[in-house]
Structure formats: C-alpha cells, structure tokens
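The values are calculated or read from the model by the stated rules, or taken from the named source; none is laboratory data. Because the structure is a prediction, the values reported are computed rather than measured. Virtual Cβ from ideal backbone geometry, glycine too; neighbours counted across all protein chains shown. In case anyone asks, the SASA skips ligands and DNA or RNA and just uses the protein heavy atoms, side chains included. Shrake-Rupley method; radii C 1.70, N 1.55, O 1.52, S 1.80 Å.
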Amino acid sequence: MKYFSTRNNNQSYSFKDAVLHGLAPDGGLFVPENIHNLNLDFKKISTNYDIKEIALNISKNFIAEEIPEDQLINIIEKTLSFPSPLVRLTAQVQIQELFHGPTLAFKDFGACFMANVMDYFVRNSDRELNILVATSGDTGSAVASGFLGIPRINVFILYPNGKVSEVQEKQFTTLGNNITALRIDGTFDDCQNLVKEAFQDSLLKSKINLSSANSINIARLIPQTFYYFDGFLQTRQNHKVVFSVPSGNLGNLTAGVIAKKMGLPVKKFVAATNRNNVFTEYLISGRYQSKKSVQTFSNAMDVGKPSNLERLGWIYGNDIFKFRNDIASFSFSDSETVRAIQLVQDSHNYILDPHGAIGYLALAKYQQSLADSHTGVILETAHYSKFLEVIKLALPQNKLSLHERLSKCLNTESKFVPLSNEYAELKEYLLNF
Ligand SMILES: *Cc1c(COP(=O)(O)O)cnc(C)c1O
C-alpha cells in the first residue's frame, strides 16, 4: 500500500516511511492510497467471530508485505490482549468499554500497535530510535506503556510542570527502563513547541534518529478501527449501528469513518464534544474556524485545532454535505456532563467518566431526532477513576476508589529530569543522552 500526504498526491511513501516520519514533510498527514472494503458477510459471522482474524485482514490491507504475516499476528495479539466489552444500558443504548488496557484509556490500542510496528522496523537497524512526545496527560502514559521495554527505542515524554494530575504524572514517571520523563518548566504549548523545534533542527537530526508518537501517526489509527468491528459484532444484530464518539483531535472518529469505508454497517457517527466545539460548529456552518482551547472536566477533549480534521477532509473531498451525511455532532457543558454522570448512575447503576458522559448526551440528542429506534453504541474512552475529582463532585454519596492499576503506581517513586522551556537545554540533554 502506498501512502500520500493530504497536501500532495504526487509523492508516495511506504508504510514504514509514513510511520517513522509521523507527519509528511510538507506538513500534511499521511493517508493510504485507498481504503479497501473487507467484504465481510456480517450475517454469517455475527454469531461466531474472531476479532483477531478481522484485525489481521485490516492490517494486511494497510501494511501489505512490509511486515510479514507472522509478525503482524504477533503485533495484533499484543494490541488485542485486553477486551473491549459491550455493556447494555438499554437495547438502544450500549456502552463499549475501551479502557481495559494498561493505562485505562482507549489510547492504549493505538500506542501498543504503533510501538510494536516501530519495534519491527528498527529491530535490524544499527541506530537507536528516539521518540519525543509532548503530553498534557493521557497520551504520555499510553505511549510510555506501549514502548516500555522495547529494545533500541528511547522514549522522552515532555510534560508541563504542575499541569498534569498526580495520577497522570505517576503513570509515566514511574516506569523507568527506556522511558524518560522530562518535566518542563512551562505550559503544554511550550512542550509541543520544544518537540517541533527538535524536529526542525537538522543538526540534532543528523546526530540522533528522531521520531514522533503523537496522535496523527497513521499507525495509531489502524488498530482503532478494530474495536468498531468488535463493537458492532457484539450488538449481535444486522441493522446499522449509531456510534457516539467523544472527540478531541478526531483520531477516534477518523478511525470509525475508515471502518465504515471498509464495510462496517454504520448508520451515523455522533461526534460528541465539550465546550471546545470547533468540529460541531464546522458541521453546522460549513466553515472551519480554530479556537483557543478552554479547560473542561473532559480535558482529553480540550482541543481547539483538531489535528485529524485534515484527514477527514481528505476522505470526504472537503465536501460538507458528505461530512453531514455520515456525522452528526453535539456539544455539552461541564454542568450537563455532571448531570449525565448522575443520571446514568441513578437509572442504570453505571459510572461513566466525563468523556463517556458527553458521548451519552450526544447519543441521546441524536436519537431524539430519529423516527425509529436504532442501536447506539457509546465509546467509553477512559475508566472513570482517572477523573476521580469530577466523579466525586457528581456522586458525593458514592464510595469511590481508584482502579488498582492507578493506586499501584501512586505508591511507586517518580523519576523525572527537570528542564527549563529553553530549546538549547533540551538539545544539549538529548545530544548527551
Ligand atoms: C484522547 C481522548 C479522547 C479524544 O480522542 P480523539 O481521538 O483525540 O478525538 C477522548 N477521551 C479520552 C479519555 C481521551 O484520552
């Protein structure tokens, strides 16, 4: 399979190039030459299916002969080593739990797959690979856990001092091994700028082999299509399903749209946003206007400039009517988020996290507009105990505790390297590593 930049369809790249570059040299995002329909017969497979077989089929379409089949099987085994079960609130409202991975968020699927793909590509190289990633919380822990222990790859996580939660910081500062946490005296934007500067520094790049692991990497999108198929098949019916997707950078939504192009029976995607509703407004007005992000309870969706929108635009030929045909979008406030958490706990005895709560609200709003009932699947993107302060606010009567995977790292000592937000300091550190 050939890959192209969203901004130039003359120059083609291999899958390996697309993964190791992350972003195309012209600033565009890598997209595959085409997206094959899998031609699955859902009537036949709905009672007895193997999601790993479907995942292999998908991966072969995107990667072809660049990774041999036995290696791909190995990568898929690791990526799907945790389940994504469906929990039924009602026949029309079901929750797909994507948080059973090591860091309790759906980003584990993408990070694990990407790490193992990169492992394959650098295994026989004589140079070490250095991954830089800026994080405001969730990405850092998923990437760190995905790459932990992979030989020849060093991971540097840049995070803003005092601006990530204690649990989040613990998740990527307690691993050690090939994972180094760099605590930057500055904001998340400073961290992102430092990473950008490093990528533009040809002297640094001539000395060390650099790559990025942020959410625009094509290797993170491929495994995110797997669980859409798994979710649909678990509904055990043949009607088209509505997927509600808590959205920020739109990576999860883009993976869903790709799954639909591969033949998954989807009636509609509902892109659920918080007050950072750039995408919701784009669907309404047809004009894209980025904004400065604002902080909310569902902070992993606090994005003012969704990076995967360019990929969606490529898929839909930038035709707003095609966007609207496949996707609806609604946005909700923090107080509505809290009320949804209360409502679902009261009526179904189920605790949603703030991101899933927005997914719940958006599905309900979309279903109001439908004449007949449809099965809706809400992607629950994180375990609620990652956002315990918000949950305690919503459910003050409940006895709540941290997931054991989180309390375990809280009791481990943190290790990090403190750096200023001056690029020269980061550069010197990396050159002497
Ligand atoms: C990253 C994240 C999202 C947003 O996903 P995108 O692919 O960026 O749209 C939603 N919920 C949680 C918990 C996340 O960590």
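Regarding the range 363-376, can at least one residue be identified that is open to solvent by less than 80 Å² (accessible area, probe 1.4 Å), within 16 Å of the ligand (Cβ to nearest atom), modelled with pLDDT of 95 or more and of a type outside the set (S, T, N, Q)?
The answer is yes; a qualifying residue exists.
Among the residues of the range 183-213, count how many are among the small types (Gly, Ala, Ser), over 22 Å from Lys107 (Cα atoms) and either assigned to a loop (DSSP other than H, G, I, E, B) or touching a residue at least 12 places away in the same chain (Cβ under 8 Å) (or both). Lay out the reasoning, then the answer.
As a first pass, look at the range 183-213 and keep what is among the small types (Gly, Ala, Ser): 186, 198, 202, 206, 211-213.
Restricting the remaining residues to those that are over 22 Å from Lys107 (Cα atoms) gives 186, 198, 202, 206.
Okay, now just the ones that are also either assigned to a loop (DSSP other than H, G, I, E, B) or touching a residue at least 12 places away in the same chain (Cβ under 8 Å) (or both), so 186, 198.
Here the count works out to 2.
Checking Ala18 against (1) open to solvent by 60 Å² or more (accessible area, probe 1.4 Å); (2) of a type outside the set (Ser, Thr, Tyr); (3) more than 24 Å from Val245 (Cα to Cα), which test does it fail?
(1)
Taking Leu158, is it open to solvent by less than 20 Å² (accessible area, probe 1.4 Å) and farther than 30 Å from Asn61 by Cα?
Working: open to solvent by less than 20 Å² (accessible area, probe 1.4 Å): yes; farther than 30 Å from Asn61 by Cα: yes.
Spelling it out, Leu158 is indeed open to solvent by less than 20 Å² (accessible area, probe 1.4 Å) and farther than 30 Å from Asn61 by Cα.
Here are some conditions: (1) part of a helix (DSSP H, G or I); (2) closer than 20 Å to Gly251 by Cβ. Ile35 meets all but one. Which one does it not meet?
Of the numbered conditions (1) part of a helix (DSSP H, G or I); (2) closer than 20 Å to Gly251 by Cβ, the odd one out for Ile35 is (1).
Among the candidates Leu56, Leu72, single out the residue that is touching a Leu at 6+ places or on another chain (Cβ under 7 Å), in a helix (DSSP H, G or I) and open to solvent by 10 Å² or more (accessible area, probe 1.4 Å). Can you show your working first?
Values: Leu72 fails: open to solvent by 10 Å² or more (accessible area, probe 1.4 Å).
Going through Leu56, Leu72 in turn, just one is touching a Leu at 6+ places or on another chain (Cβ under 7 Å), in a helix (DSSP H, G or I) and open to solvent by 10 Å² or more (accessible area, probe 1.4 Å): Leu56.
Would you check which residues across the range 85-114 are part of a loop (DSSP other than H, G, I, E, B) and more than 14 Å from the ligand (Cβ to nearest atom) and list them? Even if it seems obvious, please write down each step before you answer.
Filtering the range 85-114 for residues part of a loop (DSSP other than H, G, I, E, B) gives 85, 89-92, 98-104, 106.
Passing the criteria: Pro85, Leu89, Thr90, Ala91, Gln92.
Among the candidates Phe297, Phe321, Phe269, which residue alone is more than 16 Å from the ligand (Cβ to nearest atom) and not charged (D, E, K, R)? Write out each step before concluding.
Details: Phe297 fails: more than 16 Å from the ligand (Cβ to nearest atom); Phe269 fails: more than 16 Å from the ligand (Cβ to nearest atom).
One residue alone meets the criteria, Phe321.
Check Thr296 against each of (1) touching a Lys or Arg at 6+ places or on another chain (Cβ under 7 Å); (2) farther than 22 Å from Leu352 by Cα and name the one condition it does not meet.
Condition (2) is where Thr296 drops out.
State all residues of the range 184-221 that are open to solvent by less than 60 Å² (accessible area, probe 1.4 Å) and acidic (Asp, Glu); if no residue qualifies, say none.
Result: Asp190, Asp201.
Conditions (1) modelled with pLDDT under 95; (2) open to solvent by less than 10 Å² (accessible area, probe 1.4 Å); (3) outside any loop (DSSP other than H, G, I, E, B); (4) in contact with a Lys or Arg (Cβ under 9 Å, 6 or more places away or on another chain), marked per residue:
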site: Gln237; (1), (2), (3), (4): yes, no, no, no
site: Gly248; (1), (2), (3), (4): yes, no, no, no
site: Leu253; (1), (2), (3), (4): no, yes, yes, no
site: Ala259; (1), (2), (3), (4): no, yes, yes, no
site: Lys268; (1), (2), (3), (4): no, no, yes, yes
site: Arg275; (1), (2), (3), (4): no, no, no, no
site: Phe279; (1), (2), (3), (4): no, yes, yes, no
site: Leu312; (1), (2), (3), (4): no, yes, yes, no
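Of all residues in the range 222-235, which are open to solvent by 10 Å² or more (accessible area, probe 1.4 Å) and either in contact with a Pro (Cβ under 9 Å, 6 or more places away or on another chain) or within 14 Å of the ligand (Cβ to nearest atom) (or both)? Break it down stepwise before answering.
Step one: of the range 222-235, the residues open to solvent by 10 Å² or more (accessible area, probe 1.4 Å) are 224, 230, 234-235.
Correct list: Gln224, Asp230, Gln234.
Going by the conditions given, is Gly140 within 16 Å of the ligand (Cβ to nearest atom), modelled with pLDDT under 95 and assigned to a helix (DSSP H, G or I)? Give the derivation first.
Values: within 16 Å of the ligand (Cβ to nearest atom): yes; modelled with pLDDT under 95: yes; assigned to a helix (DSSP H, G or I): yes.
In short, yes.
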